Amino acid sequence: MDVRQVVRDVLELLSRRAFEQNISLTGEIAGKVPAHIESDPVRLKQALTNLVGNAVKFTRHGGVRVILQYDATTNRLLFRVRDSGIGIPADRLERIFEPFTQADDSTTRRFGGTGLGLTLTRDIARALGGDVTVRSEVGRGSEFTLAVSAGSLAGVQFVTAADIGPSSAAPSAPPTNLPRIDGRVLLVEDGPDNRRLFSFILRKAGAAFDVAEDGREGLEKTLDAWRTGNPFDVILMDMQMPVMDGRQATQELRRAGYGGTIIALTAHATREELEGFLEIGCDHYLSKPIDRATLVREVAAAVRRARSGAPVAGECFSEDRSSASRA
């Protein structure tokens, strides 16, 4: 796994949000680090995205830096996420890793969020042979350190570099070879940051889209559009939501006879869980964090298949609805 590419991918994913807040977002290497390590790139990227996303969210002036460093004494790779944000009171530092906990109630009201991100991030880090630690000063900012085991480094080249990601004072240009999304898309996503990011990507790709904030609203909008003769070509369905989650919403849609394309959006899912999404009626799945190119290509391809009546790759229909209309 190329550790520099992991950092670049996370910076690219969050560069637009940083740009909109007029803060910098940069990456750098401190000392010598292994160019590659033995780890799970998907889980690592999820954990780093959570930390950098939080840092950007809570920073209104200055910027966020991701510093890559190697600790030879523990054979761990360190990702230091340093921000100039609001900071965290000393008596709350350890509690922020508890489920449904933020620095204080006003933080939830002002910035949103469920308080689950740091708990999941620490779980991932520990599963990867490391941990997450934090130091902070109110009004000055915070530094979260994500440490993961580097594994065997036999024959691995060590690299040094001052910069591994451009400042997001101007977001990097999007890929120029991405297809246009010529169809109707419903995004069902409870996270406000993800809704903004996905909406921006869909809009730039030319999609006509609507948004629902939980599974119940997504279910109602999908059925209303279908029954009035103006169905969505693709439903992007987050699997973990309040009120009604994506699993239940998908099952309700299939029970109602809806045969349109549903793509599951999920993070922290095992292979068995991903296969389970297909079994309940999803046609395909995308694992968060999802980069722009992947999202646009997958949705554009799904729209083309839906409009041509071709089967969706990875779909798993039961016999009693295999002939259901996909209109």
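Please treat every number below as a calculation from the coordinates, not as lab data. All of these numbers come straight from a predicted model, not from anything done at the bench. So basically every Cβ, Gly included, is an ideal-geometry build from the backbone, and we count neighbours across all protein chains shown.
Some observations on this one:
- In sequence order, calculated HN-Hα J values of segment 59-71 (Karplus, 6.51, -1.76, 1.60; Hz; x Gly/Pro): 10, 10, 9, x, x, 10, 10, 10, 10, 9, 8, 10, 9
- On the beta carbon distance between L286 and D71, with R0 = 30 Å, the FRET formula returns roughly 0.35.
- Here the Karplus relation 6.51 cos²θ - 1.76 cosθ + 1.60, evaluated at θ = phi - 60°, turns the backbone of segment 140-148 into coupling constants of 10, x, 9, 9, 9, 10, 9, 10, 9 Hz, with x for every Gly and Pro.
- Of the residues M237, M244, the one with the fewest other Cβ atoms within 10 Å heads the list, and the complete ranking is M244, M237.
- Taking 0.36 nm per residue of sequence separation and removing the Cα-Cα distance, the A90/E143 pair yields an extension gain of 17.8 nm.
- Estimated D of segment 232-275 in µm² per second, where Rh is the Kirkwood radius over Cα pairs and Stokes-Einstein applies at 37 °C, 0.692 mPa s: 295
- Within the straight-line cut-off of under 24 Å between alpha carbons, the lysines reachable from K32 are K45, sequence neighbours fewer than 8 places apart in one chain being disregarded.
- Residue-wise HN-Hα couplings along segment 271-283, as the Karplus relation 6.51 cos²θ - 1.76 cosθ + 1.60 with θ = phi - 60° gives them from phi, are 4, 5, 5, 4, 5, x, 5, 5, 5, 7, x, 6, 8 Hz; Gly and Pro carry x.
- Inter-centroid distance (Cα atoms) of segment 1-37 relative to segment 238-303, Å: 28
- For segment 184-321: rounded, prolate or oblate by the Cα gyration tensor [a/c cutoff 1.5]: rounded
- Kirkwood hydrodynamic radius of segment 3-159, from inverse mean 1/r over distinct Cα pairs, in Å: 15.8
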